[in-house]
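Below: one structure, written as C-alpha coordinates.
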Amino acid sequence: MKKRILILGGGTGGTMTANRLRRRYGEDEAEIHVVDRDDRHVYQPGLLFVPFGLTQLEEIVRSRRRQLRGGIEFHESEIESVELDAEAVRLADGKLLPYDVLVVSTGARLQPEETEGLTGPGWNERVFTFYTPEGAAALQEALARFDGGRLVVNLVDMPIKCPVAPLEFAFLADWHLRERGIRSRTELVYATPLDGAFTKPVASANLAGLLVEKDVKLVTEFNAGEVDGVGGKLVSYDGRKLDFDLLVTIPLHGGAAYVERSPGLGDALGFVPADKQTLQSSAAPNVFALGDATDLPTSKAGSVTHFEAEVLAENVQRFLSGRELDAGYDGHANCFIESGFHKALLIDFNYETEPLPGHFPGALGLPLLRESRLNHLGKLFFQWIYWHALLPGREIPGIGPEMPARGKRQFQEATR
Ligand SMILES: Cc1cc2nc3c(=O)[nH]c(=O)nc-3n(C[C@H](O)[C@H](O)[C@H](O)COP(=O)(O)OP(=O)(O)OC[C@H]3O[C@@H](n4cnc5c(N)ncnc54)[C@H](O)[C@@H]3O)c2cc1C
(Lines give C-alpha, C1' and ligand atoms only; values in the text may rest on other atoms or scores of the structure.)
Protein backbone atom coordinates (compact mmCIF):
# COMPACT_ATOMS: atom_id res chain seq x y z
CA MET A 1 0.00 0.00 0.00
CA LYS A 2 1.09 3.55 -0.74
CA LYS A 3 2.87 5.12 2.26
CA ARG A 4 2.26 8.67 3.41
CA ILE A 5 5.29 10.70 4.49
CA LEU A 6 4.55 14.05 6.10
CA ILE A 7 7.32 16.61 6.52
CA LEU A 8 6.78 19.59 8.82
CA GLY A 9 8.79 22.64 7.71
CA GLY A 10 9.96 23.42 4.20
CA GLY A 11 13.27 25.04 5.11
CA THR A 12 16.74 23.55 4.71
CA GLY A 13 16.04 20.16 6.31
CA GLY A 14 12.46 19.67 5.14
CA THR A 15 13.24 20.51 1.51
CA MET A 16 16.34 18.30 1.34
CA THR A 17 14.51 15.42 2.99
CA ALA A 18 11.46 15.69 0.72
CA ASN A 19 13.63 15.79 -2.41
CA ARG A 20 15.84 12.92 -1.24
CA LEU A 21 12.82 10.77 -0.45
CA ARG A 22 11.14 11.65 -3.75
CA ARG A 23 14.26 10.36 -5.51
CA ARG A 24 14.04 7.10 -3.50
CA TYR A 25 10.30 6.43 -3.91
CA GLY A 26 8.17 6.32 -7.04
CA GLU A 27 4.90 8.25 -6.86
CA ASP A 28 2.98 4.95 -6.79
CA GLU A 29 4.95 3.88 -3.65
CA ALA A 30 4.75 6.97 -1.43
CA GLU A 31 2.95 10.28 -1.10
CA ILE A 32 5.20 13.05 0.18
CA HIS A 33 3.67 16.13 1.81
CA VAL A 34 5.48 19.25 3.06
CA VAL A 35 3.88 21.90 5.29
CA ASP A 36 5.24 25.40 5.78
CA ARG A 37 3.61 28.66 6.79
CA ASP A 38 4.86 30.65 3.81
CA ASP A 39 6.41 30.41 0.37
CA ARG A 40 9.65 32.31 1.14
CA HIS A 41 12.73 30.08 1.42
CA VAL A 42 15.54 32.22 2.88
CA TYR A 43 19.19 31.23 2.41
CA GLN A 44 19.92 32.12 6.04
CA PRO A 45 23.75 32.28 5.85
CA GLY A 46 23.21 35.19 3.42
CA LEU A 47 21.55 37.24 6.21
CA LEU A 48 25.02 37.90 7.64
CA PHE A 49 25.98 39.90 4.56
CA VAL A 50 22.79 41.99 4.27
CA PRO A 51 23.61 44.56 7.01
CA PHE A 52 26.87 45.43 5.23
CA GLY A 53 25.17 45.85 1.84
CA LEU A 54 27.19 42.89 0.51
CA THR A 55 23.98 41.19 -0.62
CA GLN A 56 20.30 42.11 -0.77
CA LEU A 57 17.25 40.15 0.39
CA GLU A 58 16.03 39.49 -3.16
CA GLU A 59 19.30 37.62 -3.84
CA ILE A 60 18.80 35.18 -0.94
CA VAL A 61 15.04 34.49 -1.01
CA ARG A 62 13.30 32.06 -3.37
CA SER A 63 9.92 30.34 -3.61
CA ARG A 64 9.78 27.25 -1.35
CA ARG A 65 7.41 25.45 -3.66
CA ARG A 66 9.86 25.77 -6.53
CA GLN A 67 12.65 24.06 -4.52
CA LEU A 68 10.52 20.88 -4.27
CA ARG A 69 10.66 18.17 -6.92
CA GLY A 70 7.56 17.28 -8.91
CA GLY A 71 5.27 14.87 -7.06
CA ILE A 72 5.65 16.53 -3.65
CA GLU A 73 2.51 18.17 -2.28
CA PHE A 74 3.10 21.53 -0.61
CA HIS A 75 0.63 22.82 2.02
CA GLU A 76 1.05 26.50 2.80
CA SER A 77 -0.30 26.72 6.33
CA GLU A 78 0.60 27.26 9.96
CA ILE A 79 0.89 23.97 11.90
CA GLU A 80 -1.47 23.80 14.85
CA SER A 81 -0.39 20.55 16.55
CA VAL A 82 0.79 16.97 16.16
CA GLU A 83 -1.59 14.27 17.41
CA LEU A 84 0.78 11.39 18.05
CA ASP A 85 -1.93 8.90 19.03
CA ALA A 86 -3.97 9.59 15.89
CA GLU A 87 -0.81 9.71 13.70
CA ALA A 88 -2.02 12.99 12.22
CA VAL A 89 -1.13 16.67 12.12
CA ARG A 90 -3.69 19.43 12.58
CA LEU A 91 -3.22 22.56 10.46
CA ALA A 92 -4.37 26.04 11.51
CA ASP A 93 -7.40 25.87 9.17
CA GLY A 94 -8.55 22.69 10.94
CA LYS A 95 -7.46 20.29 8.19
CA LEU A 96 -6.08 16.96 9.47
CA LEU A 97 -3.14 15.36 7.62
CA PRO A 98 -2.57 11.68 8.49
CA TYR A 99 0.89 10.11 8.21
CA ASP A 100 2.74 6.79 8.26
CA VAL A 101 6.02 8.59 8.93
CA LEU A 102 6.39 12.11 10.30
CA VAL A 103 9.53 14.21 9.84
CA VAL A 104 9.89 17.26 12.11
CA SER A 105 12.04 19.96 10.53
CA THR A 106 10.46 23.16 11.75
CA GLY A 107 13.74 24.69 12.91
CA ALA A 108 14.20 27.09 15.81
CA ARG A 109 12.06 30.11 16.67
CA LEU A 110 13.48 33.49 17.70
CA GLN A 111 12.04 34.75 20.98
CA PRO A 112 13.18 38.37 21.38
CA GLU A 113 10.07 39.11 23.47
CA GLU A 114 11.48 36.82 26.21
CA THR A 115 14.17 39.38 27.14
CA GLU A 116 12.83 42.34 29.07
CA GLY A 117 12.76 45.54 27.03
CA LEU A 118 14.38 44.02 23.94
CA THR A 119 11.40 44.61 21.62
CA GLY A 120 10.30 47.76 23.48
CA PRO A 121 11.12 51.35 22.46
CA GLY A 122 14.27 51.42 20.34
CA TRP A 123 13.66 48.04 18.65
CA ASN A 124 14.65 48.34 14.99
CA GLU A 125 15.83 51.90 15.68
CA ARG A 126 18.85 51.36 17.89
CA VAL A 127 18.46 47.64 18.68
CA PHE A 128 18.52 45.11 15.83
CA THR A 129 18.89 41.47 14.93
CA PHE A 130 20.17 40.27 11.57
CA TYR A 131 18.68 36.81 12.21
CA THR A 132 15.47 37.73 10.33
CA PRO A 133 15.22 39.15 6.79
CA GLU A 134 13.38 42.23 8.05
CA GLY A 135 15.88 42.77 10.87
CA ALA A 136 18.87 42.37 8.56
CA ALA A 137 17.40 44.93 6.11
CA ALA A 138 16.65 47.41 8.91
CA LEU A 139 20.21 46.98 10.25
CA GLN A 140 21.61 47.70 6.77
CA GLU A 141 19.95 51.12 6.89
CA ALA A 142 21.05 51.78 10.48
CA LEU A 143 24.67 50.81 9.77
CA ALA A 144 24.72 53.08 6.73
CA ARG A 145 23.63 55.96 9.03
CA PHE A 146 26.01 54.94 11.87
CA ASP A 147 28.79 57.47 12.28
CA GLY A 148 30.76 56.01 15.18
CA GLY A 149 30.13 55.29 18.87
CA ARG A 150 29.73 52.04 20.76
CA LEU A 151 28.51 49.02 18.84
CA VAL A 152 27.68 46.04 21.02
CA VAL A 153 27.08 42.54 19.62
CA ASN A 154 25.31 40.29 22.12
CA LEU A 155 24.01 36.77 22.06
CA VAL A 156 21.48 36.40 24.82
CA ASP A 157 21.87 32.68 25.45
CA MET A 158 22.64 29.35 23.79
CA PRO A 159 21.45 27.47 21.84
CA ILE A 160 21.38 29.70 18.76
CA LYS A 161 21.45 28.97 15.04
CA CYS A 162 24.95 29.10 13.60
CA PRO A 163 26.87 29.87 16.81
CA VAL A 164 29.70 31.49 14.81
CA ALA A 165 27.44 34.03 13.04
CA PRO A 166 27.61 36.70 15.81
CA LEU A 167 31.42 36.48 15.75
CA GLU A 168 31.39 36.79 11.98
CA PHE A 169 29.21 39.88 12.38
CA ALA A 170 31.81 41.45 14.72
CA PHE A 171 34.67 40.67 12.29
CA LEU A 172 32.75 42.05 9.32
CA ALA A 173 31.72 45.15 11.30
CA ASP A 174 35.42 45.84 12.01
CA TRP A 175 36.22 45.56 8.30
CA HIS A 176 33.17 47.61 7.20
CA LEU A 177 33.92 50.44 9.65
CA ARG A 178 37.59 50.53 8.61
CA GLU A 179 36.58 50.74 4.93
CA ARG A 180 34.35 53.68 5.82
CA GLY A 181 37.12 55.38 7.82
CA ILE A 182 35.11 55.46 11.07
CA ARG A 183 36.67 52.52 12.93
CA SER A 184 38.88 54.79 15.06
CA ARG A 185 35.80 56.46 16.50
CA THR A 186 33.91 53.20 17.09
CA GLU A 187 34.30 50.88 20.04
CA LEU A 188 33.31 47.32 19.16
CA VAL A 189 32.20 45.05 22.01
CA TYR A 190 31.32 41.34 21.85
CA ALA A 191 29.27 40.26 24.88
CA THR A 192 28.55 36.56 25.33
CA PRO A 193 27.14 34.35 28.09
CA LEU A 194 29.92 31.82 27.34
CA ASP A 195 33.26 31.82 29.18
CA GLY A 196 35.12 32.37 25.91
CA ALA A 197 34.56 33.51 22.33
CA PHE A 198 33.00 30.19 21.26
CA THR A 199 31.71 26.87 22.58
CA LYS A 200 34.63 24.66 21.46
CA PRO A 201 37.86 25.32 23.44
CA VAL A 202 40.38 25.03 20.57
CA ALA A 203 38.35 27.15 18.15
CA SER A 204 37.46 29.50 21.01
CA ALA A 205 41.12 30.35 21.69
CA ASN A 206 41.70 30.86 17.98
CA LEU A 207 38.69 33.14 17.58
CA ALA A 208 39.46 35.11 20.76
CA GLY A 209 42.87 35.82 19.19
CA LEU A 210 41.13 37.23 16.13
CA LEU A 211 38.95 39.46 18.32
CA VAL A 212 42.09 40.87 19.96
CA GLU A 213 43.75 41.37 16.57
CA LYS A 214 40.72 43.30 15.37
CA ASP A 215 40.42 45.32 18.59
CA VAL A 216 37.01 43.92 19.53
CA LYS A 217 36.52 43.89 23.30
CA LEU A 218 35.36 40.48 24.54
CA VAL A 219 32.99 40.46 27.54
CA THR A 220 32.36 36.91 28.80
CA GLU A 221 29.77 35.34 31.12
CA PHE A 222 27.40 38.21 30.34
CA ASN A 223 23.84 36.96 30.76
CA ALA A 224 21.68 39.72 29.31
CA GLY A 225 18.53 40.24 31.36
CA GLU A 226 17.23 43.64 30.30
CA VAL A 227 17.55 46.13 27.48
CA ASP A 228 16.87 49.86 27.56
CA GLY A 229 16.70 50.66 23.86
CA VAL A 230 16.13 54.39 24.34
CA GLY A 231 18.77 54.94 27.02
CA GLY A 232 21.19 52.58 25.21
CA LYS A 233 21.85 50.15 28.08
CA LEU A 234 22.21 46.37 28.11
CA VAL A 235 22.01 44.99 31.65
CA SER A 236 23.07 41.51 32.79
CA TYR A 237 21.35 39.46 35.50
CA ASP A 238 24.31 40.12 37.82
CA GLY A 239 23.87 43.88 37.41
CA ARG A 240 26.66 44.66 34.92
CA LYS A 241 25.78 47.42 32.42
CA LEU A 242 26.99 47.87 28.86
CA ASP A 243 26.25 51.21 27.18
CA PHE A 244 25.60 51.14 23.45
CA ASP A 245 24.79 53.43 20.54
CA LEU A 246 23.87 50.42 18.40
CA LEU A 247 23.00 46.98 19.77
CA VAL A 248 23.06 43.90 17.53
CA THR A 249 21.34 41.12 19.40
CA ILE A 250 20.94 37.40 18.80
CA PRO A 251 17.73 36.72 20.76
CA LEU A 252 16.80 33.61 22.69
CA HIS A 253 15.85 30.59 20.56
CA GLY A 254 13.25 27.94 21.26
CA GLY A 255 11.50 25.25 19.26
CA ALA A 256 8.37 25.90 17.17
CA ALA A 257 5.33 26.92 19.22
CA TYR A 258 3.14 24.02 17.98
CA VAL A 259 5.63 21.55 19.57
CA GLU A 260 4.54 22.87 22.98
CA ARG A 261 0.90 22.29 21.97
CA SER A 262 1.64 18.66 20.99
CA PRO A 263 1.75 16.43 24.10
CA GLY A 264 4.74 14.07 24.13
CA LEU A 265 6.54 15.57 21.13
CA GLY A 266 9.07 18.00 22.58
CA ASP A 267 11.04 19.09 25.65
CA ALA A 268 10.48 22.16 27.84
CA LEU A 269 12.15 24.45 25.27
CA GLY A 270 10.08 23.06 22.37
CA PHE A 271 12.96 21.07 20.86
CA VAL A 272 12.33 17.48 19.78
CA PRO A 273 14.45 14.77 21.47
CA ALA A 274 15.92 12.40 18.90
CA ASP A 275 18.46 9.59 18.80
CA LYS A 276 21.94 11.11 18.25
CA GLN A 277 22.83 8.68 15.49
CA THR A 278 19.60 7.51 13.83
CA LEU A 279 17.49 10.70 14.25
CA GLN A 280 14.46 8.68 15.28
CA SER A 281 12.55 10.73 17.86
CA SER A 282 11.77 9.41 21.32
CA ALA A 283 8.12 10.51 20.84
CA ALA A 284 7.22 7.54 18.58
CA PRO A 285 9.10 5.12 16.30
CA ASN A 286 7.51 6.62 13.16
CA VAL A 287 8.59 10.18 14.03
CA PHE A 288 12.01 11.47 12.96
CA ALA A 289 13.57 14.90 13.49
CA LEU A 290 16.45 16.88 12.06
CA GLY A 291 18.03 20.29 11.92
CA ASP A 292 17.49 23.12 14.38
CA ALA A 293 14.28 21.51 15.68
CA THR A 294 16.14 18.75 17.56
CA ASP A 295 17.75 18.73 21.00
CA LEU A 296 20.94 17.08 19.67
CA PRO A 297 24.28 18.17 21.18
CA THR A 298 25.67 19.54 17.93
CA SER A 299 25.51 22.98 16.29
CA LYS A 300 22.26 24.29 14.90
CA ALA A 301 23.66 24.68 11.40
CA GLY A 302 22.75 24.06 7.80
CA SER A 303 25.73 21.74 7.39
CA VAL A 304 24.50 19.61 10.29
CA THR A 305 21.00 19.58 8.79
CA HIS A 306 22.42 18.44 5.46
CA PHE A 307 24.45 15.58 6.99
CA GLU A 308 21.47 14.54 9.10
CA ALA A 309 19.15 14.58 6.06
CA GLU A 310 21.27 11.90 4.39
CA VAL A 311 20.93 9.52 7.36
CA LEU A 312 17.31 10.44 7.98
CA ALA A 313 16.18 9.73 4.40
CA GLU A 314 17.89 6.34 4.58
CA ASN A 315 16.23 5.63 7.93
CA VAL A 316 12.73 6.58 6.79
CA GLN A 317 13.13 4.04 4.02
CA ARG A 318 14.55 1.40 6.39
CA PHE A 319 11.75 2.04 8.89
CA LEU A 320 9.03 1.68 6.26
CA SER A 321 10.50 -1.61 5.08
CA GLY A 322 10.99 -2.95 8.61
CA ARG A 323 14.80 -2.94 8.54
CA GLU A 324 17.27 -1.93 11.27
CA LEU A 325 18.03 1.80 11.31
CA ASP A 326 21.38 3.22 10.23
CA ALA A 327 23.25 4.75 13.20
CA GLY A 328 25.45 6.66 10.77
CA TYR A 329 25.28 10.27 12.00
CA ASP A 330 28.34 11.11 14.13
CA GLY A 331 27.50 14.76 14.90
CA HIS A 332 29.47 15.98 11.89
CA ALA A 333 29.37 19.78 11.54
CA ASN A 334 31.36 22.27 9.56
CA CYS A 335 31.20 26.04 9.34
CA PHE A 336 32.93 28.74 7.39
CA ILE A 337 33.75 31.72 9.62
CA GLU A 338 33.94 34.93 7.61
CA SER A 339 36.64 37.15 9.14
CA GLY A 340 36.60 40.22 6.89
CA PHE A 341 39.12 41.50 4.34
CA HIS A 342 38.02 38.72 1.89
CA LYS A 343 39.13 35.96 4.26
CA ALA A 344 37.42 33.17 6.21
CA LEU A 345 38.26 30.23 8.48
CA LEU A 346 36.74 26.78 8.29
CA ILE A 347 36.06 24.43 11.20
CA ASP A 348 35.07 20.76 10.99
CA PHE A 349 34.10 18.65 14.01
CA ASN A 350 31.68 16.04 15.39
CA TYR A 351 30.21 14.88 18.71
CA GLU A 352 33.57 13.53 19.89
CA THR A 353 36.23 15.53 18.04
CA GLU A 354 37.06 19.21 18.53
CA PRO A 355 37.82 21.35 15.48
CA LEU A 356 41.38 20.40 14.44
CA PRO A 357 43.90 21.98 12.09
CA GLY A 358 44.54 20.35 8.73
CA HIS A 359 42.47 20.38 5.57
CA PHE A 360 38.88 19.55 4.55
CA PRO A 361 37.62 17.24 3.09
CA GLY A 362 41.08 15.74 2.49
CA ALA A 363 44.77 16.64 2.50
CA LEU A 364 44.42 18.80 -0.62
CA GLY A 365 41.26 20.58 0.52
CA LEU A 366 40.39 23.84 2.24
CA PRO A 367 42.59 24.89 5.21
CA LEU A 368 41.08 24.30 8.65
CA LEU A 369 41.23 26.69 11.62
CA ARG A 370 43.21 29.22 9.61
CA GLU A 371 42.18 32.38 7.75
CA SER A 372 42.43 32.11 3.99
CA ARG A 373 41.06 33.64 0.81
CA LEU A 374 40.13 30.17 -0.43
CA ASN A 375 37.75 29.68 2.50
CA HIS A 376 36.14 33.05 1.78
CA LEU A 377 35.57 31.99 -1.83
CA GLY A 378 34.22 28.68 -0.53
CA LYS A 379 31.74 30.55 1.68
CA LEU A 380 30.54 32.69 -1.23
CA PHE A 381 30.28 29.72 -3.61
CA PHE A 382 28.34 27.80 -1.03
CA GLN A 383 25.12 29.65 -1.88
CA TRP A 384 25.20 28.17 -5.38
CA ILE A 385 25.83 24.70 -3.94
CA TYR A 386 22.91 25.19 -1.55
CA TRP A 387 20.30 25.96 -4.24
CA HIS A 388 21.64 23.62 -6.91
CA ALA A 389 23.02 20.58 -5.06
CA LEU A 390 22.02 20.45 -1.39
CA LEU A 391 18.35 21.41 -1.57
CA PRO A 392 17.63 19.20 -4.62
CA GLY A 393 19.11 16.31 -2.61
CA ARG A 394 22.10 15.54 -4.82
CA GLU A 395 25.10 13.64 -3.41
CA ILE A 396 28.32 15.65 -2.94
CA PRO A 397 31.28 13.29 -3.31
CA GLY A 398 33.53 13.14 -0.23
CA ILE A 399 31.20 15.21 1.98
CA GLY A 400 28.73 13.37 4.19
CA PRO A 401 27.43 12.50 7.64
CA GLU A 402 30.71 11.02 8.91
CA MET A 403 33.44 13.53 9.73
CA PRO A 404 36.43 12.81 7.48
CA ALA A 405 39.64 11.84 9.32
CA ARG A 406 41.80 12.32 6.23
CA GLY A 407 43.43 15.74 6.15
CA LYS A 408 43.48 15.97 9.97
CA ARG A 409 46.84 14.67 11.13
CA GLN A 410 46.24 14.94 14.89
CA PHE A 411 43.03 12.95 14.58
CA GLN A 412 44.69 10.24 12.55
CA GLU A 413 47.55 10.05 15.07
CA ALA A 414 45.17 9.93 18.06
CA THR A 415 43.07 7.14 16.57
CA ARG A 416 45.99 5.08 15.22
C1 LIG B 1 22.17 34.68 10.27
C2 LIG B 1 22.34 33.21 10.07
C3 LIG B 1 23.51 32.72 9.49
C4 LIG B 1 23.70 31.35 9.32
N5 LIG B 1 24.85 30.92 8.74
C6 LIG B 1 25.06 29.59 8.58
C7 LIG B 1 26.27 29.13 7.99
O8 LIG B 1 27.13 29.90 7.56
N9 LIG B 1 26.43 27.79 7.87
C10 LIG B 1 25.50 26.89 8.31
O11 LIG B 1 25.71 25.68 8.18
N12 LIG B 1 24.33 27.32 8.88
C13 LIG B 1 24.09 28.64 9.02
N14 LIG B 1 22.92 29.08 9.59
C15 LIG B 1 21.97 28.11 10.16
C16 LIG B 1 21.07 27.45 9.13
O17 LIG B 1 20.43 28.40 8.33
C18 LIG B 1 20.06 26.59 9.86
O19 LIG B 1 20.73 25.75 10.78
C20 LIG B 1 19.26 25.70 8.91
O21 LIG B 1 18.49 26.51 8.05
C22 LIG B 1 18.35 24.76 9.71
O23 LIG B 1 17.46 24.10 8.87
P24 LIG B 1 16.05 23.62 9.44
O25 LIG B 1 15.37 22.93 8.32
O26 LIG B 1 16.23 22.92 10.71
O27 LIG B 1 15.28 24.98 9.79
P28 LIG B 1 14.77 26.17 8.77
O29 LIG B 1 15.60 26.12 7.55
O30 LIG B 1 14.77 27.35 9.61
O31 LIG B 1 13.31 25.68 8.41
C32 LIG B 1 12.27 25.61 9.34
C33 LIG B 1 10.96 25.84 8.59
O34 LIG B 1 9.85 25.50 9.42
C35 LIG B 1 8.80 26.43 9.19
N36 LIG B 1 7.93 26.45 10.38
C37 LIG B 1 8.30 26.60 11.68
N38 LIG B 1 7.24 26.57 12.48
C39 LIG B 1 6.16 26.39 11.68
C40 LIG B 1 4.76 26.30 11.93
N41 LIG B 1 4.27 26.36 13.16
N42 LIG B 1 3.93 26.13 10.88
C43 LIG B 1 4.41 26.07 9.61
N44 LIG B 1 5.74 26.16 9.32
C45 LIG B 1 6.60 26.32 10.34
C46 LIG B 1 9.54 27.74 8.96
O47 LIG B 1 8.75 28.65 8.21
C48 LIG B 1 10.78 27.30 8.19
O49 LIG B 1 10.63 27.39 6.81
C50 LIG B 1 22.68 30.45 9.74
C51 LIG B 1 21.50 30.94 10.30
C52 LIG B 1 21.33 32.30 10.47
C53 LIG B 1 20.05 32.81 11.08
Task: P(r) histogram, all alpha-carbon pairs of the range 124-238 included - 10 Å bins from 0, percent - done: 13, 46, 36, 5
TODO: May I ask what percent, to the nearest 5, of DSSP beta bridges between residues of the chain are antiparallel?
DONE: 45 percent
TODO: Please work out, to two decimal places, the log10 of the ratio I(q)/I(0) at q = 0.20, 0.26, 0.29, 0.30 Å⁻¹ from a Debye calculation in which every Cα of the range 167-208 carries one identical scatterer.
DONE: -0.67, -0.88, -0.97, -1.00
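With the cut-off at 1.5 for a/c, could you classify the range 1-70 from its C-alpha gyration tensor as rounded, prolate or oblate?
prolate
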TODO: With both partners inside the range 73-215, how many of the DSSP beta bridges are antiparallel, as a percent to the nearest 5?
DONE: 50 percent
Task: C-alpha center-to-center spacing [the range 240-277, the range 43-76] in angstrom - done: 22 Å
Open item on the list: What number does the chain give for Rg over Rh if you use C-alpha atoms and the Kirkwood radius?
Closed with: 0.97
TODO: Restrict the search to the range 110-161; then list the GluC sites (Glu not before Pro) that DSSP places in a loop and that have at most 12 other Cβ atoms within 10 Å of their Cβ.
DONE: 125
Task: 13 Å beta-carbon shell around residue 126, net charge (K/R +1, D/E -1) - done: -2
Task: residue 230 versus residue 282: modelled label distance in nm, points set 7 Å from Cα along the beta carbon direction - done: 4.6 nm
Open item on the list: Sequence gap at least 6, Cα distance under 8 Å: using those rules, report the relative contact order of the chain to the nearest whole percent.
Closed with: 17 percent
Task: Degrees between helix 133-145 axis and first principal axis of the chain (Cα, 0 to 90, nearest 10) - done: 10 degrees
Open item on the list: On the principal axes of its Cα set, how long, how wide and how thick is the range 44-144? Give whole Å, largest value first.
Closed with: 51, 37, 20
- [ ] Treating each Cα of the range 271-416 as an identical point scatterer and ignoring solvent, apply the Debye formula and state log10 I(q)/I(0) at q = 0.09, 0.12, 0.15 Å⁻¹.
- [x] -0.30, -0.53, -0.80
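Output needed for the range 283-325: three equivalent-ellipsoid semi-axes, defined as square roots of 5 times the C-alpha gyration tensor eigenvalues, in descending order, whole Å.
Numbers: eigenvalues 86, 27, 9 Å².
Over the Cα atoms of the range 283-325, the ellipsoid semi-axes are 21, 12, 7 Å.
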TODO: Summarise the accessible area of the range 74-122 (1.4 Å probe, protein heavy atoms) by the percent that is carbon and sulfur.
DONE: 43 percent
Task: Extension gain from residue 363 to residue 406, taking 0.36 nm per residue of separation minus the Cα-Cα distance - done: 14.8 nm
Open item on the list: Over the chain, with the other protein chains present, what is the accessible area per residue in square angstrom, probe 1.4 angstrom?
Closed with: 41 Å²
TODO: Return the FRET efficiency for the residue pair residue 237, residue 28: r is the Cβ-Cβ distance, R0 is 51 Å, and the value is rounded to the nearest 0.05.
DONE: 0.30
Task: Heavy atoms of residue 359: accessible area, 1.4 Å probe, square angstrom to 10 - done: 60 Å²
- [ ] Within the range 100-127, which residues have the backbone N less than 15 Å from the label spot 7 Å out from residue 141 along Cα→beta-carbon, could you tell me?
- [x] 122-127
Open item on the list: As an exercise, identify the trypsin sites (Lys or Arg not before Pro) in the range 289-365 lying in DSSP coil whose Cβ has no more than 16 other Cβ atoms within 10 Å.
Closed with: 323
Open item on the list: Ignoring ligands, DNA and RNA, please state the percent of accessible area on the range 151-252 from carbon and sulfur, probe 1.4 Å.
Closed with: 48 percent
TODO: Determine how many Å³ per residue the convex hull of the Cα atoms of the range 302-347 encloses.
DONE: 52 Å³
Task: Theoretical ellipticity at 222 nm over the chain - DSSP helices of four or more residues, -39500 (n - 2.57) apiece, nearest 500 - done: -7500 deg cm²/dmol
Task: Degrees between helix 373-385 axis and first principal axis of the chain (Cα, 0 to 90, nearest 10) - done: 40 degrees
- [ ] Kindly give the semi-axes, whole Å and largest first, of the ellipsoid equivalent to the range 98-191, taking each as the square root of 5 times a Cα gyration tensor eigenvalue.
- [x] 31, 15, 13
Open item on the list: Over the chain, how many pairs of lysines fall under 16 Å by alpha carbon, counting only those 8 or more apart in sequence or from different chains?
Closed with: 8
Open item on the list: Not counting ligands, DNA or RNA, and with a 1.4 Å probe, what is residue 63's accessible surface area in Å² rounded to the nearest 10?
Closed with: 30 Å²
Open item on the list: What FRET efficiency comes out for residue 185 versus residue 380 if R0 is 30 angstrom and r is the Cβ-Cβ distance? Round to the nearest 0.05.
Closed with: 0.50
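The values are calculated or read from the model by the stated rules, or taken from the named source; none is laboratory data. Computed from a prediction, not measured in an experiment: that's the story for all the values here. Cβ atoms come from the backbone with ideal geometry, glycine included; neighbour counts cover every protein chain shown. To get the accessible areas, we keep the full protein, side chains included, count just its heavy atoms, and leave off ligands, DNA and RNA. Shrake-Rupley method; radii C 1.70, N 1.55, O 1.52, S 1.80 Å.
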